[in-house]
1. Can you sort 74, 66, 105 by how many other beta carbons sit within 10 Å, fewest first?
2. Full extension from residue 56 to residue 32: what is 0.36 nm times the residue separation minus their Cα-Cα distance, to one decimal in nm?
3. Given the pairs 6/83; 13/83; 6/69; 24/83, which span a C-alpha to C-alpha distance of over 29 angstrom in this model?
4. Can you compute the FRET efficiency between residue 103 and residue 82 using 1/(1 + (r/R0)^6), with r the Cβ-Cβ distance and R0 = 41 Å? Round to the nearest 0.05.
5. Could you go through segment 43-59 in sequence order and give the Karplus-derived ³J(HN,Hα) for each residue, using 6.51 cos²θ - 1.76 cosθ + 1.60 with θ = phi - 60°, rounded to whole Hz, and x for Gly and Pro?
6. Among the listed pairs 10/80; 44/67; 49/104; 10/44; 19/55, which have their C-alpha atoms separated by more than 31 angstrom in this model?
Amino acid sequence: MYAIVKTGGKQYKVALGDKLNIEKIPAEVGDTVELQTICVVDGKDVQVKAEEAAKTKVQAVVVEQFKDKKVIVFKFKKRKNYKRKRGHRQNLTRIQIVQIGSEKFKEPAKKASKAAPKKDADAKAAKAEKEAAPKAEKKPAAKKAAPKKAADKPADKAADAAADKTE
């Protein structure tokens, strides 16, 4: 089942659980809003008449109020030394459709939150198994002796001094 709704001068095809960005509406995050219905399509029936479609309610929950990406508006007229650059960010509202007519949407986020503790429990169990397993003792690697640069320097100085005297 889906519906076609009108808001902000645009029409959107929506189904249960859909998230969409619409023109800003005056509502707070978490508020439920009702959208104007134009058409409702069920698997068998299609309600196209305005009176029938208006009876079907489409409700959505406001998820977020935000600004869209910046759109650059650049005006230019060649050979007239006319250039204007402006930017614009449109205010938008993200909504999620929770009810069309009498059908209600069950949030999948609740299912995901139930699944998350299972993953955490599995991770804790795996960590406990690793700790319980006997660990092989590792011997520290033997360090290689690095040549002493301090000892090399006096020899180099003596060689340099001998070379200076011969010249």
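Every read-out reported here was derived from the displayed coordinates using simple, explicitly stated rules and does not represent laboratory data. Because the structure is predicted, anything quoted here is derived from the model rather than measured. Cβ: placed from backbone, ideal geometry, glycine included. Neighbour counts: every protein chain shown.
1. Numbers: 74 9, 66 13, 105 17.
With the sparsest Cβ surroundings first, the list reads 74, 66, 105.
2. Numbers: separation 24, 0.36 × 24 = 8.64 nm, distance 1.58 nm.
Computed gain between residue 56 and residue 32 is 7.1 nm.
3. Working: 6/83 37 Å; 13/83 40 Å; 6/69 23 Å; 24/83 31 Å.
Distance filter (> 29 Å) returns 6/83; 13/83; 24/83.
4. On the way: r = 56 Å, r/R0 = 1.36.
The computed FRET efficiency comes out at 0.15.
5. With the stated coefficients, segment 43-59 comes to x, 10, 9, 10, 9, 9, 5, 4, 5, 5, 5, 5, 5, 7, 9, 10, 10 Hz.
6. Values: 10/80 38 Å; 44/67 39 Å; 49/104 23 Å; 10/44 26 Å; 19/55 23 Å.
In this structure, 10/80; 44/67 lie more than 31 Å apart at Cα.
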